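The values are calculated or read from the model by the stated rules, or taken from the named source; none is laboratory data. Not measured: the values here are computed from a predicted model. Backbone-built Cβ (ideal geometry, glycine too); neighbour counts: all protein chains shown. The protein model used for the area step is the full one, side chains on, heavy atoms only, and it has no ligands, DNA or RNA in it. Shrake-Rupley method; radii C 1.70, N 1.55, O 1.52, S 1.80 Å.
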Amino acid sequence: MDLFAKVVIAAVIMGVILGAFFLLKYTYSAPLTQAQAEQVVLNDLKAHSPGAIINVINVSSSNLRNDSWNIVVNMVYNSTRPCPTILTESFDYPALGLSPTVYSVYSDNCNVYGGGSLPGSYNYVIGSPYIAIAQSYAQNYTQVKDYVSTYGYNATSVHAKFYDTIPANFTPLNKNFSNSWLINYTASGATQSLFVIMSANGIITNSYTENS
């Protein structure tokens, strides 16, 4: 191969390298959009907590950098167990990387935190089915404790739904309930499910069982 051909080939290779360099530089230096930053945070959370329920509750511009975003997420762990963990985390990405700041812990280790108002007080209103589950178990209500103790914590699945009105013919109790959570405890291998009725401010008012 003559010298001219070698020079041409070298120039082409150098051009490809420089082109790739500038392309990479542009890609990494370009500011992230809100959607891109949000997706990076969600992907990281899902990778580290594959079983968690993750919901973005707010995204706003960062106060630290113009090209960063403040992303607030709600996290729920063990969502169908008697003691789910519920917390809120904030990320300032990419300014602070993927290290979270915990804003609030609503429920953890079978304890429910009222954020200034105690469960059962007039100002305390449960707005999440997962907090309703945790609160129903945290009260040491005899029927709930006995049910979970009999069949096992990990074998018991719990779900909660809020009703503005539970009519009398909806349950075997033949009573009307208003602004209440209906919480269903069902254990694998059990012949009956336990249903707990709890007021919106976290007080269990009644319970009953039905065949599973």
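Table for the structure above
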| read-out | value |
| --- | --- |
| Accessible area expressed per residue, segment 105-211, with surrounding protein chains retained (probe 1.4 Å, Å²) | 52 |
| Rounded percent of accessible protein surface that carbon and sulfur make up, segment 59-209, 1.4 Å probe | 47 |
| Rounded FRET efficiency, nearest 0.05, which uses the C-beta distance separating Thr142 from Tyr103 and R0 of 41 Å | 0.75 |
